[in-house]
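J.: Provided herewith is a single structure, encoded as structure tokens, for subsequent inquiry.
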Amino acid sequence: MLLRTAWRRVATAAPAAPGPRAKAPTRGLRLRGIDLTPQSAVPSDAATALEAESVLRPLYMDVQATTPLDPRVLDAMLPYLVNYYGNPHSRTHAYGWESEAAMECARQQVASLIGADPREIIFTSGATESNNIAIKGVARFYRSRKKHLITTQTEHKCVLDSCRSLEAEGFKVTYLPVKKSGIIDLKELEAAIQPDTSLVSVMTVNNEIGVKQPIKEIGQICSSRKVYFHTDAAQAVGKIPLDVNDMKIDLMSISGHKIYGPKGVGAIYIRRRPRVRVEALQSGGGQERGMRSGTVPTPLVVGLGAACEVAQQEMEYDHKRISKLAERLIQKIMKSLPDVVMNGDPEHHYPGCINLSFAYVEGESLLMALKDVALSSGSACTSASLEPSYVLRAIGTDEDLAHSSIRFGIGRFTTEEEVDYTVEKCIHHVKRLREMSPLWEMVQDGIDLKSIKWTQH
């Protein structure tokens, strides 16, 4: 304590470094501004040059990839990053007790959002780890009696890869196809369940096309057939109402950074009654009821808890506002541009995720043209392969349309001005790129592109 007081006195007495004060980040309509350089650390002439370079950043419209940290979440986290730094598993002193109390409070906040018991919440590093624990953990625990799993073709990559790794271990996996709308056929699901099926894994809201699966109906089918039901709800928690008991969900994956919380933290809900058993993937000190060893990062779980509490309070307001902005974006684009297709079911759909295909335009070209807006493409833009998105292929989208898709993400902090600016730029660049496209010219001349036999050179 004496050392801490002495340090505070030294810090207060230290003279402020010379040089101009850092300019507060400005946020304009077109681009978001930020200045990441501490001005006192560099000479003033270099500071001016750096400031000019680092001020402009694109508008953010990619909330399915990640969301900004809500300031209220940061406020909740800060004390645990600075003052309350005890290990929550230290049982012999106050530092550990206060961290443990904060961790248990966060567990209660997460549980409350999904209608669970706090003892059913296990903290993880994110939804990827939660999905791995759910799928591999259940499959391996019940492997002596049950060797079959069911999932869908449009799941997140970590679910599909977990299933593939189980196939290499001798398990059988059924990958259910989806209808043109992106929704699974419940009759096909029922027909796929076998006597040795241990788990069905279906995501709640798809991360690429925003389609909502009939989770309650799937839960009822699984419950009646005595099969465990896991759902990857990373894109749904805090955005649409979820109740694990009402929907008969046995395991659920949650991500912190998809709900305006910090990155590097998530949770998995594992039902206690009737009890679901999982084999732990990680060996260690047996924290989190033995299901996930490793010290729980108190600041991160406090952030996840605060993000869940804020989401619960603002879910209805956010949903109405996001729906209004999404409708505005879709209508403005559809009215101004012909040959635009919305991917996925328009009814059973989360409004904040809009996936549009702009015929006769390459998605990558449009993304590069829209450099003022942070968006992502439905095609595999980070891959060396030219294959379109496997989700769009699964819903039967033509390859040329799949290559021309863009995902627009609307979130809690998206403004009407940002939506209007994105729409205006999008319309302008689609028209410009189409004018350059020989395919668009042929379509305007009445030529059916599907009737053409293309020759290779």
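The values are calculated or read from the model by the stated rules, or taken from the named source; none is laboratory data. Keep in mind that what you see is a predicted model, and the values were worked out from it rather than measured. Cβ sites come from the backbone with ideal geometry, for glycine too, and all protein chains shown count toward neighbours. For the accessible areas, the whole protein counts, side chains as well, though only heavy atoms, and no ligand, DNA or RNA atoms are used. Shrake-Rupley method; radii C 1.70, N 1.55, O 1.52, S 1.80 Å.
J.: What number of residues within the range 281-313 are surrounded by fewer than 20 Cβ atoms within 10 Å (Cβ to Cβ) and either touching a Cys at 6+ places or on another chain (Cβ under 9 Å) or among the basic types (Lys, Arg) (or both)?
T.: Looking only at that region, the number is 1.
J.: Take GLY446 and tell me if it is open to solvent by less than 30 Å² (accessible area, probe 1.4 Å) and in a loop (DSSP other than H, G, I, E, B).
T.: Against the criterion (open to solvent by less than 30 Å² (accessible area, probe 1.4 Å) and in a loop (DSSP other than H, G, I, E, B)), GLY446 does not qualify.
J.: Follow-up. Run ASP185 past the list (1) of a type outside the set (Lys, Arg); (2) farther than 26 Å from GLU316 by Cβ; (3) open to solvent by less than 10 Å² (accessible area, probe 1.4 Å) and report the number of the one that doesn't hold.
T.: Checking ASP185 against (1) of a type outside the set (Lys, Arg); (2) farther than 26 Å from GLU316 by Cβ; (3) open to solvent by less than 10 Å² (accessible area, probe 1.4 Å), the one that fails is (3).
J.: What residue, among those in the range 147-159 that are under 26 Å from the mean Cα position of the chain (by Cα) and open to solvent by less than 10 Å² (accessible area, probe 1.4 Å), is nearest to SER253 (Cα to Cα)?
T.: Residues of the range 147-159 under 26 Å from the mean Cα position of the chain (by Cα): 149-159.
Next cut, open to solvent by less than 10 Å² (accessible area, probe 1.4 Å) only: 149-152, 154-155, 159.
Working: LEU149: 17, ILE150: 17, THR151: 15, THR152: 16, THR154: 16, GLU155: 13, VAL159: 11 Å.
Residue satisfying both the conditions and the ranking: VAL159.
J.: Given the options ALA116, ALA101, ALA139, ALA134, name the one that is without any contact (Cβ under 8 Å) to a residue 60 or more places away in the chain, in the same structural domain as VAL244 (by the TED database) and not β-branched (Val, Ile, Thr). Working first, answer last.
T.: On the way: ALA116 fails: without any contact (Cβ under 8 Å) to a residue 60 or more places away in the chain; ALA139 fails: without any contact (Cβ under 8 Å) to a residue 60 or more places away in the chain; ALA134 fails: without any contact (Cβ under 8 Å) to a residue 60 or more places away in the chain.
Every option except ALA101 fails the conditions.
J.: Another one. How many residues are among the hydroxyl-bearing types (Ser, Thr, Tyr) and under 16 Å from MET252 (Cα atoms) if we restrict to the range 163-215? Walk me through how you get there before you give the answer.
T.: From the range 163-215, those among the hydroxyl-bearing types (Ser, Thr, Tyr) are 165, 174-175, 181, 197-198, 201, 204; that's our starting set.
Those left that are additionally under 16 Å from MET252 (Cα atoms): 198, 201, 204.
Summing the residues that are among the hydroxyl-bearing types (Ser, Thr, Tyr) and under 16 Å from MET252 (Cα atoms) in the range 163-215 gives 3.
J.: Just to verify a result, which residue in the range 353-378, among those that are part of a loop (DSSP other than H, G, I, E, B) and open to solvent by 50 Å² or more (accessible area, probe 1.4 Å), is nearest to CYS426 (Cα to Cα)? Give the derivation first.
T.: As a first pass, look at the range 353-378 and keep what is part of a loop (DSSP other than H, G, I, E, B): 359-362, 370-372, 375, 378.
Keeping just the survivors that are open to solvent by 50 Å² or more (accessible area, probe 1.4 Å) gives 360, 362, 371.
Details: TYR360: 14, GLU362: 13, LYS371: 11 Å.
Checking each candidate, the answer is LYS371.
J.: Is at least one residue of the range 82-90 among the aliphatic types (A, V, I, L, M) and touching a residue at least 40 places away in the same chain (Cβ under 8 Å)? Break it down stepwise before answering.
T.: Filtering the range 82-90 for residues among the aliphatic types (A, V, I, L, M) gives 82.
Retained after the next criterion (residues that are touching a residue at least 40 places away in the same chain (Cβ under 8 Å)): none.
No: the range 82-90 contains no residue that is among the aliphatic types (A, V, I, L, M) and touching a residue at least 40 places away in the same chain (Cβ under 8 Å).
J.: I would also like to ask the following. Conditions: (1) in a loop (DSSP other than H, G, I, E, B); (2) open to solvent by 60 Å² or more (accessible area, probe 1.4 Å); (3) in contact with a strand residue (DSSP E or B) (Cβ under 6 Å, 6 or more places away or on another chain). ILE249 meets all but one. Number of the miss?
T.: In the conditions (1) in a loop (DSSP other than H, G, I, E, B); (2) open to solvent by 60 Å² or more (accessible area, probe 1.4 Å); (3) in contact with a strand residue (DSSP E or B) (Cβ under 6 Å, 6 or more places away or on another chain), ILE249 misses (2) alone.
J.: Let me ask you something else. Condition first: open to solvent by less than 70 Å² (accessible area, probe 1.4 Å) and within 12 Å of LEU370 (Cα to Cα). Now tell me which residues in the range 417-443 satisfy that. Before the answer, list the steps.
T.: Step one: filter the range 417-443 for residues open to solvent by less than 70 Å² (accessible area, probe 1.4 Å), giving 418-423, 425-427, 429-430, 433-434, 437, 439-440, 442-443.
TYR421, THR422, VAL423, LYS425, CYS426, ILE427, HIS429, VAL430, LEU433, listed by residue number.
Residue by residue, here is whether (1) open to solvent by 50 Å² or more (accessible area, probe 1.4 Å); (2) among the acidic types (Asp, Glu); (3) within 29 Å of GLU279 (Cβ to Cβ) holds:
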| residue | (1), (2), (3) |
| --- | --- |
| THR66 | no, no, no |
| VAL73 | no, no, no |
| ARG91 | yes, no, yes |
| GLY96 | no, no, yes |
| GLN108 | yes, no, yes |
| ILE122 | no, no, yes |
| ALA127 | no, no, yes |
| VAL138 | no, no, yes |
| TYR142 | no, no, yes |
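J.: Another one. Going by the structure shown, is THR174 open to solvent by less than 60 Å² (accessible area, probe 1.4 Å) and over 26 Å from PRO346 (Cβ atoms)?
T.: Details: open to solvent by less than 60 Å² (accessible area, probe 1.4 Å): yes; over 26 Å from PRO346 (Cβ atoms): yes.
Spelling it out, THR174 is indeed open to solvent by less than 60 Å² (accessible area, probe 1.4 Å) and over 26 Å from PRO346 (Cβ atoms).
J.: Let me ask something additional. How do the strands (runs of 3 or more DSSP E) wholly within the range 106-225 filter down when requiring 1 or more residues that are under 30 Å from ASP398 (Cβ atoms) and modelled with pLDDT under 95: which remain? Show your work before the answer.
T.: Values: elements: 121-124, 148-152, 172-176, 197-201.
Of the strands (runs of 3 or more DSSP E) lying wholly inside the range 106-225, none has at least 1 residues that are under 30 Å from ASP398 (Cβ atoms) and modelled with pLDDT under 95.
J.: Only residues that are closer than 17 Å to GLY363 by Cβ, outside any helix (DSSP H, G or I) and not charged (D, E, K, R): list them for the range 317-352, please.
T.: Answer for the range 317-352, where residues must be closer than 17 Å to GLY363 by Cβ, outside any helix (DSSP H, G or I) and not charged (D, E, K, R): LEU337, VAL340, VAL341, MET342, ASN343, GLY344.
J.: Return the pairs, sorted by first residue and then second, in which the second residue is open to solvent by 10 Å² or more (accessible area, probe 1.4 Å) and among the acidic types (Asp, Glu), the first residue lies in the range 212-238 and is more than 18 Å from THR154 (Cβ to Cβ), the beta carbons are less than 8 Å apart, and the residues are 6+ apart or on different chains.
T.: Once the first residue is more than 18 Å from THR154 (Cβ to Cβ) and sits in the range 212-238, its partners that are open to solvent by 10 Å² or more (accessible area, probe 1.4 Å) and among the acidic types (Asp, Glu) give LYS216/ASP246; ILE221/GLU190; CYS222/ASP250; ARG225/GLU190; TYR228/ASP250.
J.: Within the range 329-338, can you find the residues that are open to solvent by 20 Å² or more (accessible area, probe 1.4 Å), in contact (Cβ under 8 Å) with a residue 60 or more places away in the chain and not hydroxyl-bearing (Ser, Thr, Tyr)?
T.: Just the residues of the range 329-338 that are open to solvent by 20 Å² or more (accessible area, probe 1.4 Å), to begin with: 330-332, 334-336, 338.
So of that shortlist, the ones also in contact (Cβ under 8 Å) with a residue 60 or more places away in the chain come out as 332, 336.
The answer is LYS332, and nothing else.
J.: Of the residues MET291, MET315, only one is of a type in the set (A, V, I, L, M) and modelled with pLDDT under 95; which? I'd like the intermediate steps shown before the answer.
T.: On the way: MET315 fails: modelled with pLDDT under 95.
Exactly one of MET291, MET315 is of a type in the set (A, V, I, L, M) and modelled with pLDDT under 95, namely MET291.
J.: If I go through the range 252-269 residue by residue, how many of them are open to solvent by 20 Å² or more (accessible area, probe 1.4 Å) and either aliphatic (A, V, I, L, M) or not assigned by the TED database to the domain that holds GLY303 (or both)? Spell out how you get there, then give the answer.
T.: Residues of the range 252-269 open to solvent by 20 Å² or more (accessible area, probe 1.4 Å): 257-258, 263-264.
Those left that are additionally either aliphatic (A, V, I, L, M) or not assigned by the TED database to the domain that holds GLY303 (or both): none.
Going through the range 252-269 one residue at a time, the tally reaches 0.
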